[in-house]
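Read through the structure below, which is laid out as structure tokens, and then see the notes.
The numbers here are math on the coordinates, done by the rules we state, and not lab data. This is a predicted model, so every value here is computed, not measured. Reconstructed Cβ throughout: ideal geometry from the backbone, glycine too, with neighbour counts over all protein chains shown.
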Amino acid sequence: MNDFPQSGRPVPAWFTDAKFGIFVHWGAYSVSAWAEPTGELGVVDPDVWFKHNPYAEWYWNTIRIEGSPAQEHHRTTHGGRPYDEFLDEWKAELFDPADWVELFARAGARYVVPTTKHHDGIALWDAPGTGIRNTVHRGPRRDLIADLAAAVRARDLRFGVYYSGGIDWYAGRRDPVLHEDRMDEGRPHEAAYAAYAHRQVIDLIDRHSPDVLWNDMGWPRAGQADLPELFSYYYATVPEGVVNDRWDNAHADYLTSEYEADRANEWGACWENTRGIGFSFGYNQTEGPEHLLDPADAVRLLVDVVSRGGNLLLNVGPKADGTLPQEQRAVLEGMASWMACHSEAVHATRPLESGSADPHDGDPWVRWTRDERHIYAFVADVPDEAGGRVALKTRPGLLDPDTAERLDGDTVKAEAGPEGIHITSAGLDTPLPTAIRFATR
Ligand SMILES: CC(=O)NC[C@H]1N[C@@H](C)[C@@H](O)[C@@H](O)[C@@H]1O
């Protein structure tokens with residue numbers, strides 16, 4: 001159990017043990033499925049970001065920015081027609097939640113968090129106050145959240161909900177967001193919207209008892225005073241539930257970072273980094289292999305985050321028909337084949353005490369995790385000329401070289417060296433990390 005100054009509430013062990021979750025951004029924006037693959041949040045110049053937004057789920061905002069390439073694309077490809085029409089075009093005819101969840105589980109995910117209502121205000125369930133503007137009455141004509149929740153829980157994974165409380169371009173405010181410094185101008189703060197959003201989150205709690213409440217972009221000012229009661233209701237309904245940190249500092253069980261943004265939140269005993277497999281959360285048809293993580297990148301991201309005490313919430317952006325893009329499936333399949341023999345070095349582990357063993361970037365790449373009985377060294381990119389030999393810098397006596405074992409079953413030789421442990425093993429020159437297990441002394 002871990003305490004955080006923010007909420008002072010112990011974070012349930014299931015969350016800190018889970019290590020890996022799957023985010024699902026799926027909406028009417030999956031029909032347009034278009035954004036410029038500009039780059040990562042936190043890396044792209046903020047002055048460029050909104051006009052050239054790489055987030056395909058921001059399509060309705062980006063097409064309203066004068067002179068944006070997305071606006072030109074919308075004009076030439078969709079005749080400039082109303083965004084709302086994409087809801088009716090969205091059919092989800094091939095949506096097979098059990099297929100998704102089986103892949104997520106094999107990849108090592110322990111929780112799944114779908115968007116229930118993103119910034120466009122379109123609900124993926126029969127949300128109170130939305131009339132027919134939801135996927136039950138239009139487009140898919142299906143309660144996509146209930147169907148996914150059932151599949152997730154049938155596979156014994158935890159189910160969370162993403163809700164865009166801070167931005168709603170339909171029920172809230174229509175003005176396009178032009179710059180992060182003016183984000184608040186695009187956010188609804190009125191009492192009517194606050195009541196609308198509050199009622200919808202309560203409805204999600206009542207229907208699904210979600211294990212994670214993942215709110216985004218803050219909470220309307222007129223509703224801030226009611227949040228303590230909402231959280232009390234949530235925890236009474238879901239005693240092992242966790243609440244993220246995006247409620248305008250009202251409350252947080254854990255902190256989040258996104259791509260390279262808010263990396264200062266990556267501290268303490270549990271936090272969560274989220275990103276897409278490419279530069280977007282919603283499916284973006286313009287992304288090519290050069291924009292996407294490959295399986296080794298995704299595994300290294302997961303291992304690095306876990307080695308520092310975090311969870312990774314990796315996003316998939318399904319197509320409008322309900323299939324997962326093949327290039328995104330391939331990444332999860334690659335993670336699944338790696339996870340088949342590496343799960344024990346990831347799930348339910350904790351970081352090593354600081355100073356006991358050094359992570360290393362470059363050649364070789366080294367990260368560490370531990371559980372009660374073992375310490376795991378992850379090694380990658382061992383230069384060929386080293387002949388598979390690598391020196392692991394550890395506190396003297398930390399590891400027993402005689403207990404070294406590679407989790408993939410290949411042979412490894414280990415001996416005590418002046419700075420810790422020397423290991424010799426073949427096949428460590430790949431970008432995909434290999435874990436070597438040592439018994440703790
Ligand atoms: C740092 C931040 O507030 N990001 C908001 C961002 N969150 C992502 C998970 C996606 O839902 C984006 O579309 C959303 O704008």
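Mean-square fluctuations from a GNM of the chain, with a 10 angstrom spring cutoff on Cα atoms, peak among 275, 373, 153 at 373.
Amide H contacts for residue 167 (H built 1.01 Å from N in the peptide plane; partners 5 or more residues away or on another chain; cut-off under 5 Å): none found. Translational diffusion coefficient of the range 194-240 (Stokes-Einstein, Kirkwood radius from Cα pairs, 37 °C, 0.692 mPa s): 299 µm²/s. According to the calculation over all Cα-Cα pairs in the range 98-253, the P(r) per 10 Å bin from zero is 11, 39, 35, 14, 1 %.
So which residue, out of 354, 30, 209, gets the largest mean-square fluctuation from a GNM of the chain using Cα contacts under 10 Å as springs? The residue that fluctuates most here is 354.
The C-alpha atoms of the range 2-345 occupy a region whose extents along the principal axes are 52, 46, 39 Å, arranged from largest to smallest.
The simple Förster model, with R0 at 45 Å and r as the Cβ-Cβ distance, assigns residue 426 and residue 13 a FRET efficiency of 0.75.
Each part reduced to its alpha carbon centroid, the range 355-395 and the range 177-242 end up 42 Å apart. Residues whose amide H comes within less than 5 Å of that of residue 274, counting only those at least five positions distant or on another chain, are 257, 258, 259, 313 (H built at 1.01 Å from N in the peptide plane). Using a simple spin-label model with pseudo-atoms 7 Å out from Cα toward Cβ, residue 84 and residue 181 lie 3.5 nm apart.
Across all C-alpha atoms in the range 365-439, the radius of gyration and Dmax reach 11.2, 35 Å. Distance between the pseudo-spin-label points of residue 393 and residue 199 (7 Å out from Cα toward the beta carbon): 6.0 nm. Taking 25 Å as R0, compute the FRET efficiency from the Cβ-Cβ separation of residue 356 and residue 260 and round it to 0.05. With R0 = 25 Å, the Cβ-Cβ based efficiency is 0.35. Size of the range 199-292: Rg and Dmax of its alpha carbons, in Å, are 15.6, 46.
Check the straight Cα-Cα distances from residue 319 and name the lysines below 29 Å, setting aside those fewer than 8 residues away within the same chain. The reachable lysines, counting only those whose Cα sits under 29 Å from residue 319, are 19, 51, 91, 117. Rg and Dmax over the alpha-carbon atoms of the range 33-184 stand at 16.9, 48 Å.
Please give me, ordered by residue number, the GluC sites (Glu not before Pro) of the range 73-174 that lie in loop per DSSP and have at most 15 other Cβ atoms within 10 Å. Show your work: numbers first, answer last.
On the way: sites: 85, 89, 93, 102; in loops: 93.
Qualifying residues, ordered by number: 93.
Between residue 344 and residue 269, the FRET efficiency estimated from the beta carbon spacing at R0 = 22 angstrom works out to 0.65.
The alpha-carbon atoms of the range 283-350 define a convex hull whose volume equals 93 cubic angstrom per residue. Taking 190, 40, 240 in turn, the Gaussian network model of the chain (Cα-Cα springs below 10 Å) assigns the largest fluctuation to 190.
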